[in-house]
Amino acid sequence: MVCALILLAEGTEESEYTITYDVLVRGGVSVRSALVPPSDHAYVTCSRGVKIVPDIALPDPAEAAREYDALIIPGGAKGAQTISSSSDVQALINDMHDAGKVVGAICAGSLAIKAANLAPGAKITSHPSVKSQLEADYDYREERVVVSDRLITSRGPGTTFEFALALVTSLVGASKAQEIAGPMILPPV
């Protein structure tokens, strides 16, 4: 079964996390969430106050690259800052990409791509608030979702369904993305 790892930290944008997680599961992808420290509890408090319990601690990068087919990085200003500044996450991003896996980032989560120095010059997008931090190092685009080989990025909470469907397309195929979009009453993909 195709497996994805989605990161979770204090201040993560809950809609980007939960919608992506949900759509991937509907697409037949096994999803695990991993806590990026620090956190004083067994749960994280997201950007709008929702509390979520992660499935696992942040795994060893080499182990994760063997076990998972995709790494997903949600945004949320505080969560993105914690995720981006983690050297363990930076190693995880590079190990996953080097192993030929999909790396997805949405909103300010795209800053983790830069922090890991992943694919300079690649097409990328993000929340407009962090555009200036990315456009010198990447081919910055204004599209809602940008697919650049195995790097998939998106703009923010309002683009999360499209982002998640792009991940499903990349991981299990366009026909599966189309199959699940209809019952969810989403526009055709």
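Taken over region 107-125, the criterion of being at positive phi and in a loop (DSSP other than H, G, I, E, B) is satisfied by N117, A119, G121.
On the stretch given as region 12-60, residues that are part of a loop (DSSP other than H, G, I, E, B) and over 12 Å from the mean Cα position of the chain (by Cα) total 22.
Out of curiosity, is V50 modelled with pLDDT of 95 or more, of a type outside the set (D, E) and under 22 Å from C3 (Cβ atoms)? Criteria not met by V50. Is there a residue being closer than 24 Å to A64 by Cα, within 16 Å of the chain's Cα centre (by Cα), aliphatic (A, V, I, L, M) and surrounded by 20 or more Cβ atoms within 10 Å (Cβ to Cβ) anywhere in region 129-145? No, the conditions are met nowhere in region 129-145. Within region 7-28, the residues that satisfy the criterion of being surrounded by 23 or more Cβ atoms within 10 Å (Cβ to Cβ) and either among the small types (G, A, S) or farther than 21 Å from T82 by Cα (or both) are A9, V23, L24, G27.
The values are calculated or read from the model by the stated rules, or taken from the named source; none is laboratory data. As the structure is a prediction and not an experimental result, all values here were calculated from the model. As a convention, Cβ positions derive from the backbone with ideal geometry for all residues, glycine included, and neighbour counts pool all protein chains shown.
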